There are 2 protein chains.
Amino acid sequence: MPGISNKAIQMPSSPIRKLVPYAETAINQGKKVFFLNIGQPDIETPKNVRDKIANHNLKVIEYSHSAGFESYRKGLAKYYEGVGVDVDYEQILVTTGGSEALQFAFMSCFDEGDEVIIPEPFYANYNSFSISAGVKVVPVTSKIENGFALPSIEEFEKRISLRTKGIMICNPGNPTGYLYTKEELEKLRDLVLKYDLYLFADEVYREFCYDGKEHHSIMNLEGLAQHAIMIDSVSKRYSMCGARIGALVTRNKYVLETVLKFAQARLSPPTLGQIAGEEALNTPQSYFDEVIAEYVERRNVLVDALNAIPGVRCPKPSGAFYVIAELPVEDAEKFCEWILEHFDYNGKTVMMAPANGFYSMPDAGANQVRLAYVLEKNHLIEAAECLENALEKYPYAMEESAKIPTL
Amino acid sequence: MPGISNKAIQMPSSPIRKLVPYAETAINQGKKVFFLNIGQPDIETPKNVRDKIANHNLKVIEYSHSAGFESYRKGLAKYYEGVGVDVDYEQILVTTGGSEALQFAFMSCFDEGDEVIIPEPFYANYNSFSISAGVKVVPVTSKIENGFALPSIEEFEKRISLRTKGIMICNPGNPTGYLYTKEELEKLRDLVLKYDLYLFADEVYREFCYDGKEHHSIMNLEGLAQHAIMIDSVSKRYSMCGARIGALVTRNKYVLETVLKFAQARLSPPTLGQIAGEEALNTPQSYFDEVIAEYVERRNVLVDALNAIPGVRCPKPSGAFYVIAELPVEDAEKFCEWILEHFDYNGKTVMMAPANGFYSMPDAGANQVRLAYVLEKNHLIEAAECLENALEKYPYAMEESAKIPTL
């Protein structure tokens, strides 16, 4: 039998999805499971988008241009103008989700063995896309103590080698919810220019900024025209993850020309999804106002409930819809399995994503979980109750740490 | 400015799309252009599919399972049973077009520097996906003289090295339309088993077999359970290229597990496209009967018209909807540019794909073009008239070959 590739062996299973068999066990046991492990919001896709699909008048579901509908790209340029980012439609390529945009960016900019520095914890699939492109991820660990703020620039600089070709951030962050300040971004900008690196920013949660805080795009950092590559997606913005429509935005024309070659190879992004994406640009502001208000409430409810549990620590983030919480256990992955398989609270339990999959350093985040507040408030309250009760009953809590002698 | 990757530099522009600027010039000059360069059929998508999309009742356009809707995979298993291929739904992964299926297959099976042998001319994007995966394409040239039949197995065997890890075919072939016989496939099977290689087959044109000839899938070759990987797509079958739905099918569970990891990284195939794909399984046989009858007529009309032009040679293929024609010119790419830019026949001209982009050997296919018979018969007749007229008027016809001394 011919073997599989080394790349394939390195590819991690999704940390978000790897507990699925335990969840299936829980469901088969008759338990109700609160799914806080995945960023699939329960928010409705805007009605205008759903109506547009219903009223399609296609005779043939054809390929589009490899870079996406020209009308959609022009619409996106207007949307970006509306959020303060001045780009021409030719600087926007429509992709099959943000995932493909990132793959194209990595394939276009990196050769086998090149290195990308990423503050961790980071979106787990950055690892997968790096492996696909043969790129080595060099992590800089951010800390729960300061809410996962950008680590010091000295920490980044220490990690720059001859193979370093880029820095990647997610802003606001998945899984941390952290929203970078303008000052933090400017520090990154200076470093990127000093070493002539690419700066990639996943800004798909741009609209999800709370408490009056503002989002700052890398596209607005002065001097970065040739260095900044923004990754975007309609998935979370309009609660239409299944449309699989994203975008790559850059002012670097060599990168644009290159990405287009990769785009041509796969022919075109999904036509039906593009119809949805183009219509989504007409979504009224009231939709976002309601959604943001809902997420703020959910965040507050969940973070407060978590911090009220003895031994749990959870910073309150200013963006996206995830939190990282530290639990009073040694091995959060084992706990996440146990709570599905061996526990219930009035017939209910919780599915969480162990945070270790969001770190690249071994053992980092071992006692942390990521929770997505994508369910309605009452379910979040019930989920937190389950968690509190589970932590009281968990037979292995801190058993390993108990063996560590105090110094 | 940071540089782009070596991979990106190697990536070819699409040979199917690279003449687009010349076509735009022709259109700006007021010419009517017959587009025979691209496999975008004018055939309508089945009505049941279009209706199903219009009657969607989604509240949230959600992610699906990374391997695709379970119901769709089960439906696909039944479809394969109907075409004589016995596979379980768990041996089917739904992908974003056949393109993604092929990328997943190459990423899963090949490491940087591994080699895949492909009979040429072949679908140009096999080159692109190979470059993305760091794979070296080793071509075996098939000949227009025998209609692009499988080259002798000795020719394949000569090209096997320590790095060879697979053989890739397209059946029926794009761009040749050639339909492999069972005997040809069995010879490949024996070779693949002898050297323990993967056999990849792009079978997306399975339904397009003519003159009573039968399609033989690699999935039915005995002894190949661990070696055969089939690539599929709904694009051509139901004239819905823009749905971007394909599939990877294999009985090799290590490959399946591996491909699923790549699939998880990109989250899910398009949800709206999957709804279309699942409904397409209910398309009545009458749809295919009509479409096949139409393609047979188109093929006959085009091939007869081409062969009636002095100096043109075009084998009549038994499958797909492409032909390769040899023209009495030295450099078909230059001719394809000229016919768009400097020629018209009653205000009309033709866009063709120069065949050199479908070959990997330098200079191979230099005097050939690929034509897709995706337009209605009258347009094909008009296009052939244009071509005949253009060849009469072309000032550079055979000028280079005229310089070659006869031996």
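Does A:VAL85 count as surrounded by fewer than 24 Cβ atoms within 10 Å (Cβ to Cβ), over 17 Å from the mean Cα position of the chain (by Cα) and more than 28 Å from B:ASN57 (Cβ to Cβ)? So A:VAL85 passes the test. Looking at the range A:117-132, is at least one residue more than 28 Å from A:ILE4 (Cα to Cα), free of Cβ contacts under 8 Å to residues at least 12 places away in the same chain and assigned to a loop (DSSP other than H, G, I, E, B)? No; the residues of the range A:117-132 include none that is more than 28 Å from A:ILE4 (Cα to Cα), free of Cβ contacts under 8 Å to residues at least 12 places away in the same chain and assigned to a loop (DSSP other than H, G, I, E, B).
Does the range B:283-305 contain at least one residue that is surrounded by 21 or more Cβ atoms within 10 Å (Cβ to Cβ), more than 21 Å from the chain's Cα centre (by Cα) and touching a residue at least 12 places away in the same chain (Cβ under 8 Å)? No; the residues of the range B:283-305 include none that is surrounded by 21 or more Cβ atoms within 10 Å (Cβ to Cβ), more than 21 Å from the chain's Cα centre (by Cα) and touching a residue at least 12 places away in the same chain (Cβ under 8 Å).
Among the residues of the range B:345-352, are any under 28 Å from B:VAL140 (Cα atoms) and buried (at least 24 other Cβ atoms within 10 Å of the Cβ)? Yes, the conditions are met somewhere in the range B:345-352. Any residue in the range A:56-68 that is part of a helix (DSSP H, G or I) and not hydrophobic (A, V, I, L, M, F, W, C)? Looking through the range A:56-68, none of the residues is part of a helix (DSSP H, G or I) and not hydrophobic (A, V, I, L, M, F, W, C). For the range B:1-30, give me each residue that is hydroxyl-bearing (Ser, Thr, Tyr) and within 10 Å of chain A (Cβ to nearest Cβ). The answer is B:SER5, B:SER13, B:SER14.
Residues in the range A:151-183 that are in contact with a Ser or Thr (Cβ under 9 Å, 6 or more places away or on another chain) and in a helix (DSSP H, G or I): A:GLU155 only. Within the range B:196-217, the set of residues being of a type outside the set (Asp, Glu), within 20 Å of B:GLU120 (Cβ to Cβ) and free of Cβ contacts under 8 Å to residues at least 40 places away in the same chain comprises B:LEU197, B:LEU199, B:ALA201. Taking (1) under 30 Å from A:GLY98 (Cα atoms); (2) in contact with a helix residue (DSSP H, G or I) (Cβ under 7 Å, 6 or more places away or on another chain) in turn, B:PRO269 satisfies each apart from (2). Which of the residues spanning the range A:250-301 are facing chain B (nearest Cβ under 8 Å) and either more than 30 Å from B:SER5 (Cβ to Cβ) or among the aliphatic types (A, V, I, L, M) (or both)? Once the filter is applied, which keeps residues that are facing chain B (nearest Cβ under 8 Å) and either more than 30 Å from B:SER5 (Cβ to Cβ) or among the aliphatic types (A, V, I, L, M) (or both), the range A:250-301 yields A:VAL255, A:ALA265, A:LEU267, A:LEU272, A:ALA276. The residues of the range B:347-357 that are over 23 Å from B:VAL204 (Cβ atoms) and part of a loop (DSSP other than H, G, I, E, B) amount to a single one, B:GLY347. The residue pairs whose first member lies in the range B:32-58 and is within 21 Å of A:ARG266 (Cα to Cα) and more than 8 Å from chain A (Cβ to nearest Cβ), whose second member is among the basic types (Lys, Arg) and buried (at least 21 other Cβ atoms within 10 Å of the Cβ), and whose beta carbons are closer than 7 Å, counting only pairs six or more residues apart or on different chains, are B:GLY39/B:LYS236. For the range B:287-346, the tally of residues that are touching a helix residue (DSSP H, G or I) at 6+ places or on another chain (Cβ under 6 Å) and assigned to a loop (DSSP other than H, G, I, E, B) stands at 8.
For (1) among the β-branched types (Val, Ile, Thr); (2) farther than 30 Å from B:VAL312 by Cβ; (3) not assigned by TED's automatic domain parsing to the domain that holds B:ALA247, each residue gets a yes or a no:
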{"site": "B:GLU145", "(1), (2), (3)": "no, no, no"}
{"site": "B:ILE153", "(1), (2), (3)": "yes, yes, no"}
{"site": "B:THR181", "(1), (2), (3)": "yes, no, no"}
{"site": "B:LEU185", "(1), (2), (3)": "no, yes, no"}
{"site": "B:VAL192", "(1), (2), (3)": "yes, yes, no"}
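Candidates B:LEU371, B:LEU375: the one that is assigned to a strand (DSSP E or B) and either outside the structural domain of B:ILE27 (by TED's automatic domain parsing) or under 18 Å from the mean Cα position of the chain (by Cα) (or both) is B:LEU371.
Only residues that are within 14 Å of chain B (Cβ to nearest Cβ) and without any contact (Cβ under 8 Å) to a residue 60 or more places away in the chain were counted in the range A:218-236, giving 7. Being within 9 Å of another protein chain (Cβ to nearest Cβ), touching a helix residue (DSSP H, G or I) at 6+ places or on another chain (Cβ under 8 Å), at pLDDT 95 or above and not in a loop (DSSP other than H, G, I, E, B) is a description that applies to B:SER99. Among the residues of the range A:304-316, is there at least one that is within 15 Å of A:PRO41 (Cβ to Cβ) and at pLDDT 95 or above? There is no residue in the range A:304-316 that is within 15 Å of A:PRO41 (Cβ to Cβ) and at pLDDT 95 or above.
With respect to the stated conditions, A:GLY75 is away from every other protein chain (no Cβ under 14 Å), among the small types (Gly, Ala, Ser) and within 25 Å of A:GLU214 (Cα to Cα).
Consider the range B:108-128 and keep the residues that are at the interface with another protein chain (Cβ under 8 Å from one of its Cβ atoms) and modelled with pLDDT under 95. The one that is farthest from B:PRO354 (Cα to Cα) is B:ASP111.
One residue alone among B:GLY97, B:GLY75, B:GLY82 is of a type outside the set (Phe, Trp, Tyr) and touching a Gly at 6+ places or on another chain (Cβ under 7 Å), and that residue is B:GLY97. Considering the conditions (1) modelled with pLDDT of 95 or more; (2) of a type in the set (Gly, Ala, Ser); (3) touching a helix residue (DSSP H, G or I) at 6+ places or on another chain (Cβ under 9 Å), A:GLY134 is excluded by exactly one of them, (1).
The values are calculated or read from the model by the stated rules, or taken from the named source; none is laboratory data. Since the model is a prediction, treat every value here as computed from it, not as a measurement. Methodologically, a virtual Cβ is constructed for each residue, glycine included, from the backbone with ideal geometry; neighbour enumeration extends over all protein chains shown.
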